[in-house]
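What follows is a set of notes on a single structure, which appears directly below.
The values are calculated or read from the model by the stated rules, or taken from the named source; none is laboratory data. Just so we're clear, the structure is a prediction, and the values are computed from it rather than from any experiment. Here Cβ is always computed from backbone atoms with ideal geometry, including for glycine, and neighbour counts include all displayed protein chains.
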Amino acid sequence: MDALKLSPTPSREALGSPFLPPESPLPMPPCVLDRAIEARGAPVHSGAALMVRRLFLFAGTGLLTLAGGYGMYDVVKVGGVTFLEAMLLGLFLVLLAWIAFSFMSALAGCFVLLTRRRPGLPIDTRCPLPRIASRTAMLLPTYNEDPHLIMARLRAMYESVEATRAGEQFGWFLLSDTTDPDIWVREEMAFIRLRHACGGDRLYYRHRSDNVARKSGNIADWVRRFGANYDCMIVLDADSLMEGDTIVRLVHAMEAHPAAALIQTQPVIVNARTLFSRLQQFAGRMYGPIIAAGNAWWHGRDSNYWGHNAIIRVRAFAAEAGLPELRGRKPFGGHILSHDFVEAALMRRAGWAIYLAPTVSGSFEEIPPSILDFAGRDRRWCQGNLQHLAVLPARGLHWVSRLHLLTGIGSYLTAPLWLLFLVLGLLISLQARFIRPEYFPKGFSLFPTWPQQDPVLAAWVFAATMGLLILPKLLAYLVMISNREERSGFAGSARVFAGVVCETLVAALIAPCMMIFQSKAVVEILVGRDAGWQVQCRSDGELALGEVYRKFAGPTLCGLALSISAYAVSLPLLLWMSPVVLGLLLSIPLGIVTSSRLKRPGVFATPETNRLPAVVLRANELAASAPTEMAGALRQLSQDSELLREHLGSLSLPSPRRFGPVDVPLATATVKVGACETLEDAVAWLDKSELRAILGHPALLERVLALPPGRQE
């Protein structure tokens with residue numbers, strides 16, 4: 001029992017904190033969803049012009065849905081509408097409304113860009129760089145990421161902002177939620193080297209001992225400890241990059257619009273290397289502008305937040321965006337995973353404006369390198385968006401904010417609805433094939449009724465639906481070729497058109513597989529399976545064949561079942577369903593091919609691949625340098641006195657015990673350390689949870705490091 005007796009953990013104030021500035025607390029209470037609040041921000045009104053735009057959008061969506069629904073009714077009404085056909089028609093109306101809504105928004109975006117209007121918040125990016133007075137915090141949350149790559153991106157942005165001569169107005173915070181003890185110490189090593197390289201005293205590092213509420217909790221912890229010292233904050237992701245010029249202009253825009261609580265940029269995908277990621281990069285760069293312009297056109301001041309590459313007014317965020325813990329068990333209850341939509345809705349509820357600024361360039365992000373990595377991230381996003389079902393009834397939300405939440409929910413529910421639509425169509429066809437129809441209706445009739453659907457009309461309904469999906473791609477191409485600067489950046493209209501065709505074909509093959517993955521995710525969540533929080537893969541995307549075969553087996557079997565069922569009805573039906581069936585049957589080779597690395601982008605080239613932006617180029621140069629080798633957390637701390645001093649000084653007060661009165665990992669680590677004779681014994685015997693507990697407890701850490709080194713194997 002004596003081994004369990006430890007001196008209490010010193011506070012951060014007692015140890016000193018070389019990694020952090022003095023604290024400037026700002027209260028951030030959790031909001032109450034079922035209680036309306038009075039608007040605290042400056043009054044924000046929609047205006048007549050914005051109401052007309054929204055009327056155009058919804059009227060167009062309604063007309064397209066009714067027209068398509070009427071055509072579909074003509075297809076299924078022959079011989080009377082059965083229960084299955086009524087269900088099919090209802091699903092078609094829902095799915096067509098979803099497609100029509102996206103089409104109308106893209107059509108609006110095309111009009112805005114062709115007429116050279118500036119959608120969203122008007123920020124002039126061609127005028128000289130303005131002077132700014134606000135203090136802004138750059139927040140980079142990280143969770144078990146590669147410290148070498150994180151520091152490369154952070155340094156590139158730091159240098160870019162310093163080049164604007166406005167660097168004194170910014171503080172840079174690396175907010176670590178890392179749980180792996182070796183990565184934790186590597187982060188500290190890399191951060192010390194970053195500070196030495198930049199020579200800056202505005203670079204800070206904070207590690208949380210308990211990563212409660214994940215990223216939203218990470219940001220909220222910073223607000224409560226340091227928020228009062230800053231006017232604005234720019235929240236980044238681990239793969240985010242932003243040009244210094246862009247950052248300064250965003251701060252100036254917040255100063256010029258005191259009613260704004262948040263301004264969201266349109267990040268461009270960079271550093272794509274595999275076929276899948278290059279496909280996503282091309283699609284985002286090609287079609288993203290008209291989608292973003294259309295959204296900004298009808299969102300107005302009621303826009304949305306995507307969780308990163310956005311500037312936020314700190315006091316508005318602290319007062320209104322404190323997230324509650326949802327009632328019930330996971331996956332629907334607990335902390336909100338997709339926090340961004342909710343935070344924007346809560347600030348808008350209080351009267352603040354939320355803007356989208358799609359014309360502001362210099363904002364970048366990366367994309368998962370393979371279908372499986374994308375699906376893994378999508379699984380977490382799916383759970384987070386379905387949690388919004390509990391937020392929708394919140395009192396006082398603006399109706400556009402509720403629409404944003406519904407859009408996020410619908411983006412995942414449409415996958416199982418499409419699958420159900422296909423299955424119902426097959427069941428109706430199988431019923432017609434194997435169940436004898438009633439040729440003579442009840443009552444007296446001289447002649448039989450011959451139920452026969454019109455294949456030409458069905459083909460027209462299908463073609464019109466596909467047209468609503470494909471036409472926005474052609475509109476985006478039209479916008480691109482009409483802009484000389486964009487056309488030059490893409491290196492020619494002919495190659496871009498080839499890219500649009502290839503992207504459409506490959507995306508059509510991938511879509512059925514993603515439909516199965518998303519449908520599976522929705523079902524898992526509905527039965528109560530929690531997704532957890534996995535580290536996003538940022539490697540080149542090469543997948544082990546065993547993993548490919550195992551995870552793509554489900555889509556392949558679904559494709560086999562659909563093809564057999566369709567062929568049992570008729571060969572024409574199989575040919576009709578071939579786009580879906582082919583994508584499912586080829587899911588395994590598609591998974592392998594799309595995760596392979598491409599040396600050149602080819603037809604998927606974008607302006608950013610043809611000419612890397614300066615901040616991306618600098619980050620890549622820094623990332624290409626050899627990372628610092630580390631001997632393991634305990635060994636490295638025993639060898640590096642500066643690292644040990646910085647580590648001890650950065651420790652915060654321990655969080656409340658999660659396992660009753662005893663911290664189990666700390667207790668077991670204490671017992672093990674008491675039995676160790678050398679440092680190497682401790683390295684060999686301690687598991688990761690115990691090592692993490694030791695790294696967070698100065699007294700026990702010093703006790704371990706005082707052991708004789710021993711012999712390394």
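Scan region 142-166 and report the pairs whose first residue is closer than 16 Å to Thr628 by Cα and whose second residue is acidic (Asp, Glu) and buried (at least 20 other Cβ atoms within 10 Å of the Cβ), with Cβ atoms within less than 6 Å and a gap of 6+ or a chain change.
Pairs that qualify, where the first residue is closer than 16 Å to Thr628 by Cα and the partner is acidic (Asp, Glu) and buried (at least 20 other Cβ atoms within 10 Å of the Cβ), are Pro147/Glu187.
Anything in region 384-401 that is out of contact with any Leu (no Cβ under 6 Å at 6 or more places or on another chain) and in a helix (DSSP H, G or I)? List them, or say none.
Result: Asn385, Leu386, Gln387, Leu389, Trp399, Val400, Ser401.
Can you name every residue in region 236-252 that is more than 21 Å from the chain's Cα centre (by Cα), surrounded by 21 or more Cβ atoms within 10 Å (Cβ to Cβ) and either among the small types (Gly, Ala, Ser) or farther than 20 Å from Val314 by Cα (or both)?
Of everything in region 236-252, just one residue is more than 21 Å from the chain's Cα centre (by Cα), surrounded by 21 or more Cβ atoms within 10 Å (Cβ to Cβ) and either among the small types (Gly, Ala, Ser) or farther than 20 Å from Val314 by Cα (or both), namely Gly244.
How do the pairs read when you match residues in region 472-499 that are within 21 Å of Ala293 (Cα to Cα) with residues anywhere that are assigned to a loop (DSSP other than H, G, I, E, B), using Cβ under 8 Å and keeping only pairs 6 or more apart or on different chains?
These pairs meet every condition: Met480/Phe490; Gly489/Thr606; Gly489/Arg611; Phe490/Ala605; Phe490/Thr606; Val496/Phe490.
Might you let me know whether region 265-286 holds any residue that is surrounded by fewer than 23 Cβ atoms within 10 Å (Cβ to Cβ) and hydroxyl-bearing (Ser, Thr, Tyr)?
No, that holds for no residue.
Let me confirm something: among Thr594, Thr606, which residue is farther than 30 Å from Lys551 by Cα, crowded, with 19+ Cβ neighbours inside 10 Å and among the hydroxyl-bearing types (Ser, Thr, Tyr)?
Thr606 is the lone residue from the list that is farther than 30 Å from Lys551 by Cα, crowded, with 19+ Cβ neighbours inside 10 Å and among the hydroxyl-bearing types (Ser, Thr, Tyr).
Keeping to region 253-273, report how many residues are more than 21 Å from the chain's Cα centre (by Cα) and within 30 Å of Phe490 (Cα to Cα).
1
Matching residues to (1) within 25 Å of the chain's Cα centre (by Cα); (2) among the polar types (S, T, N, Q):
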{"residue": "Glu85", "(1), (2)": "no, no"}
{"residue": "Leu93", "(1), (2)": "no, no"}
{"residue": "Ala100", "(1), (2)": "yes, no"}
{"residue": "Leu114", "(1), (2)": "no, no"}
{"residue": "Pro119", "(1), (2)": "yes, no"}
{"residue": "Thr125", "(1), (2)": "no, yes"}
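Between Glu608, Glu524, which is in contact with a strand residue (DSSP E or B) (Cβ under 9 Å, 6 or more places away or on another chain), of a type in the set (D, E, K, R) and assigned to a helix (DSSP H, G or I)?
Going through Glu608, Glu524 in turn, the sole match is Glu608.
Considering each of Leu149, Leu154 in turn, give the residue that is surrounded by fewer than 23 Cβ atoms within 10 Å (Cβ to Cβ), under 30 Å from Ser650 (Cβ atoms), among the hydrophobic types (A, V, I, L, M, F, W, C) and modelled with pLDDT of 95 or more.
Exactly one residue qualifies, and that residue is Leu149.
Checking the condition out of contact with any Phe, Trp or Tyr (no Cβ under 6 Å at 6 or more places or on another chain), at negative phi and surrounded by fewer than 20 Cβ atoms within 10 Å (Cβ to Cβ), which residue from Arg193, Arg186, Arg165 passes?
Checking each option against the conditions leaves just Arg193.
Which pairs do you get when a residue that is touching a residue at least 12 places away in the same chain (Cβ under 8 Å), found in region 569-593, comes within reach of a residue that is exposed (fewer than 13 other Cβ atoms within 10 Å of the Cβ), reach meaning Cβ atoms under 6 angstrom, with the pair 6+ apart or on two chains?
Every condition considered, the pairs that remain are Val569/Arg433.
Scan region 307-320 residue by residue and report those that are assigned to a loop (DSSP other than H, G, I, E, B) and touching a Phe, Trp or Tyr at 6+ places or on another chain (Cβ under 9 Å).
Gly307, Asn309
Which ones in region 13-46 are surrounded by 11 or more Cβ atoms within 10 Å (Cβ to Cβ), at pLDDT 75 or above and not aliphatic (A, V, I, L, M)?
Phe19, Pro21, Glu23, Ser24, Pro25, Pro27, Pro29, Pro30, Cys31
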